[in-house]
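S.K.: Before I ask anything, here is the structure I am working with.
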Amino acid sequence: MPRRIILHAGFHKTGTSSIQATLRENRVALKKQIALRLRWHLKDIVVAARGYSTDRDPLTLIKVQSRFGEMVNAIPGMPRRTLVISAEELSGHLPGRGPLADYSAAPVLLYAYWEILRSAYPEAEILIYLSTRAPEAWLASAYWEHVKSSGMTMNFDVFEHTYGEAANLDAMVAEIASRVPAVVEARRLEDCADLPLGPVDPLLDLCDIPLSLRPSLVAVPAANRRPRQDVLDALLEANRTHSDAAARNAAKKSILSAAGLSA
């Protein structure tokens, strides 16, 4: 049984890709202290969690619970290690998708995960870790992520007016802490800029990694960084020009490829 479980469930655009990439890069060095279940281990769960965040159907929530429970039940014994479960989409979709205006599904989803973990590991300490970001920076990053990955055509000022409340991540952290009976820790991305391993360092602090091990861990380049502004402007123009999804995606792939980026 793990001695501690850390559920890192977001939020999007707060360094989560870098956190997961760094954990994956250092998984061998950390294997005596940490067992990892990262986004690529949780594909079926996050599909269901995204679905629940948009439809709020109780049957979809049952699907989330069933898939999460199956994942937990399949974890082998890990005496005295910390289990880290990390995927931003455990909190649902990134707000800004049509009527999805906020993270209000997150407390429900996190309570469901907590309940399953508490039942499976009644003696383990369960913590929820949430990475956050200053509202203005988060909103801009969320907007351009939608431009890059969807057919969004609205201007930023319209997006800001429509979805601005979602940027108050501190309020959502407080809401989760009030509704899920677990210790909730949070850290802003901006506060991690000067840390040796960046945004993963506060998470490793919660894992009680020996100080002697920390210097041997490898930092990785920031993941999923925002492209240059001219590239983003070209992606927005492609969304506005191509109504056909296949043509739009091909145009955007070409723009990203020309900029040395992957789609």
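S.K.: Can you confirm whether region 145-168 contains a residue that is within 27 Å of residue 29 (Cα to Cα) and either hydroxyl-bearing (Ser, Thr, Tyr) or touching a helix residue (DSSP H, G or I) at 6+ places or on another chain (Cβ under 7 Å) (or both)?
M.R.: For region 145-168, residues within 27 Å of residue 29 (Cα to Cα) and either hydroxyl-bearing (Ser, Thr, Tyr) or touching a helix residue (DSSP H, G or I) at 6+ places or on another chain (Cβ under 7 Å) (or both): absent.
S.K.: A further question on this structure: Mind listing just one residue for me: the one in region 168-182 that is outside any helix (DSSP H, G or I) and surrounded by 14 or more Cβ atoms within 10 Å (Cβ to Cβ) and, of those, nearest to the chain's Cα centre (by Cα)? Don't jump to the end; show me each part of the working.
M.R.: Within region 168-182, the subset outside any helix (DSSP H, G or I) is 168, 180-182.
Next cut, surrounded by 14 or more Cβ atoms within 10 Å (Cβ to Cβ) only: 168, 180, 182.
Working: 168: 16, 180: 18, 182: 19 Å.
Going through the qualifying residues, I end up with 168.
S.K.: Go through (1) surrounded by fewer than 21 Cβ atoms within 10 Å (Cβ to Cβ); (2) modelled with pLDDT of 95 or more; (3) among the hydroxyl-bearing types (Ser, Thr, Tyr) and name the single condition residue 17 misses.
M.R.: (2)
S.K.: Restricting attention to region 199-212, which residues are more than 18 Å from residue 124 (Cα to Cα) and in contact with a Leu (Cβ under 9 Å, 6 or more places away or on another chain)?
M.R.: 199, 200, 201, 202
S.K.: While we're looking at this one, here's another question. On the given criteria, is residue 60 assigned to a helix (DSSP H, G or I), more than 23 Å from residue 186 (Cβ to Cβ) and without any contact (Cβ under 8 Å) to a residue 24 or more places away in the chain?
M.R.: Yes; evaluated as a whole, the condition is true for this residue.
S.K.: Report yes if residue 239 is surrounded by 11 or more Cβ atoms within 10 Å (Cβ to Cβ), at pLDDT 95 or above and out of contact with any Pro (no Cβ under 9 Å at 6 or more places or on another chain), otherwise no.
M.R.: Answer is yes for this residue.
S.K.: If you don't mind, another one. What is the residue count in region 40-80 for residues that are among the charged types (D, E, K, R), loosely packed, with under 13 Cβ neighbours inside 10 Å and more than 15 Å from residue 104 (Cα to Cα)?
M.R.: Result for region 40-80: 3.
S.K.: Kindly indicate which of 165, 190 is modelled with pLDDT of 95 or more, within 22 Å of residue 100 (Cβ to Cβ) and acidic (Asp, Glu). Let's see the steps before the verdict.
M.R.: Values: 190 fails: within 22 Å of residue 100 (Cβ to Cβ).
Every option except 165 fails the conditions.
S.K.: Ok, one more. Given 160, 145, 136, 165, which one is acidic (Asp, Glu), touching an Asp or Glu at 6+ places or on another chain (Cβ under 8 Å), touching a residue at least 12 places away in the same chain (Cβ under 8 Å) and assigned to a helix (DSSP H, G or I)?
M.R.: It is 165.
The values are calculated or read from the model by the stated rules, or taken from the named source; none is laboratory data. What you see is a predicted model; the values in this text were computed from it and never measured. Note that each Cβ is placed from the backbone with ideal geometry, even for glycine, and that neighbours are counted across all protein chains shown.
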